1. Among 324, 62, 317, which comes first, second and so on when ranked by fewest other beta-carbon atoms within 10 Å?
2. Full-extension gain between residue 384 and residue 30, please, as 0.36 nm times their residue separation minus the C-alpha to C-alpha distance.
3. Enumerate the calculated ³J(HN,Hα) couplings along the range 156-162 in order (Karplus 6.51 cos²θ - 1.76 cosθ + 1.60, θ = phi - 60°), each rounded to whole Hz, writing x wherever the residue is Gly or Pro.
4. Select from the range 257-325 those trypsin sites (Lys or Arg not before Pro) which occupy a DSSP coil region and have at most 16 other Cβ atoms within 10 Å, ordered by residue number.
5. Which percent of Cα-Cα pairs in the range 271-344 sits in each 5 Å bin, short to long?
6. Would you list which aspartates and glutamates come within 15 Å of residue 295, measuring only between C-alpha atoms, while excluding same-chain residues fewer than 8 positions from it?
7. How much of the calculated P(r) for the range 191-232 lies past 17 Å, in percent of all Cα pairs?
8. Place a point 7 Å from Cα of residue 243 in the direction of its Cβ. Which residues in the range 165-206 have their backbone N less than 18 Å from it?
Amino acid sequence: MSGAGSFSRFPGRRAGIKSGCTIPLISHDRALGVLGVARLSENPFTEADAELLTEVGKQVAIAVENALAYREIDALKNKLQEEKLYLQEEIRTEYNFQEIVGTSATLKRALQDVETVAPTDSTVLIFGETGTGKEPIARALHNLSGRREHTLVKVNCAAIPTGLLESEMFGHEKGAFTGAVEQRKGRFELAHRGTIFLDEVEEIPLELQPKLLRVLQEHEFERLGSGKTIRVDVRVVAATNADLAQMVAEKKFRSDLYYRLNVFPVSLPALRERTEDIPLLINFFAQKFAQQMKKPIKTIPSETMTQLTAYSWPGNIRELQNLIERAVILSRGSVLEVPLAESKQSANGNPANQLQGPTKLEAVEREHILKVLRETGWVIGGPTGAAARLGLNRTTLNHRMRKLGINRPQLQES
């Protein structure tokens, strides 16, 4: 146990070590390492010393084994914590708009499609204008599937800067790029055995689309900065408010990815196509926000309901929800005071020139967009641009600006 004869050739002699003893660390027939003990005196290690160190080595081996087990448990705990934090964030962002409300035939057809495809693992592509409720439909698909016990992970492809989208979706290794100070799992890994929801999928850059196509077809990918292949079992639900077929024709979206995403399309109707649902939604949101704000709202004027039902709702359910929330805030009694009540006022006292509800609401929307554009120096995209401030993507904001007749002012020469 003590190599006294050959110890003269030991490099530690230069540090003053004159004798040593090494004991293997073994636990459950598994070699974990070696315990080395040295002396600065000439006294060699005896058999009694070796027996004592052997007993010490057994205890050290147990401690090392426990430490290794703790590290494995800690790694699993960190993964669970990542999922827990992600789910908590999802709960915070989803709490205000999870429910699907309506009885119209167009909505029922969409929900029947959801009920049909949900139990399968097929990829679903949800079509619908901004604010039609694509996210709650994706959640319904997940909750009705066999994956409901696992994570539903969201990726808003328009909200993540292009340069970070690959890392966000597929993860990265430490040092993969400037600022990558540690390894990070991507959304696809977090969604293993669950569902991933790719919202505004049309915003995925062309150069990243082949990697997404590979995950859809082969269920594998590599983290950014790594050559190691990772396999995942993930169901993909995508959503778009764009005409992907037109984007394919214009070479702005890969045709093979489009066909792979469009396995089972679900089309959501715009709110103007389900006007019979508008009173139900108004009552639902009014009750919901009244409870949250502890407001004693009990009635909604019939004239207000008529005006809101007649409005075209270009922002769909999201626009209606935001308006009712604002109305509840403004209401001071038991009657819901919707801002459209101001539309009764005539600009010049002539009834022929009175503003109708839709016109008044569009005017308010136009002024609000103009205000934000001025505050951002007419910068539309980017994390601090007008689109981000308004909670819209660039294409939606550009569309609204064209519809409302908003044009960027020409710079005057000095």
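Every number here is computed from the coordinates shown, using simple stated rules; none is lab data. Computed from a prediction, not measured in an experiment: that's the story for all the values here. Note that we place each Cβ from the backbone using ideal geometry, even for glycine, and neighbour counts take in every protein chain shown.
1. Numbers: 324 24, 62 14, 317 27.
Ordered from fewest to most neighbouring Cβ atoms within 10 Å, 324, 62, 317 come out as 62, 324, 317.
2. Values: separation 354, 0.36 × 354 = 127.44 nm, distance 5.68 nm.
Here the segment from residue 384 to residue 30 would lengthen by 121.8 nm.
3. Running phi through 6.51 cos²θ - 1.76 cosθ + 1.60 with θ = phi - 60° gives 8, 5, 8, 8, 9, x, 3 Hz.
4. Details: sites: 260, 272, 274, 288, 294, 298, 318; in loops: 274, 294, 298.
Answer by residue number: 294, 298.
5. P(r) for the range 271-344, in whole percents per bin: 3, 17, 32, 26, 15, 6, 0.
6. Answer for residue 295, where 15 Å is the Cα cut-off: 325, 337, listed by chain and number.
7. Values: 312 of 861 pairs.
Considering the range 191-232, 36 percent of its Cα-Cα pairs are separated by more than 17 Å.
8. So the set is 201-203.
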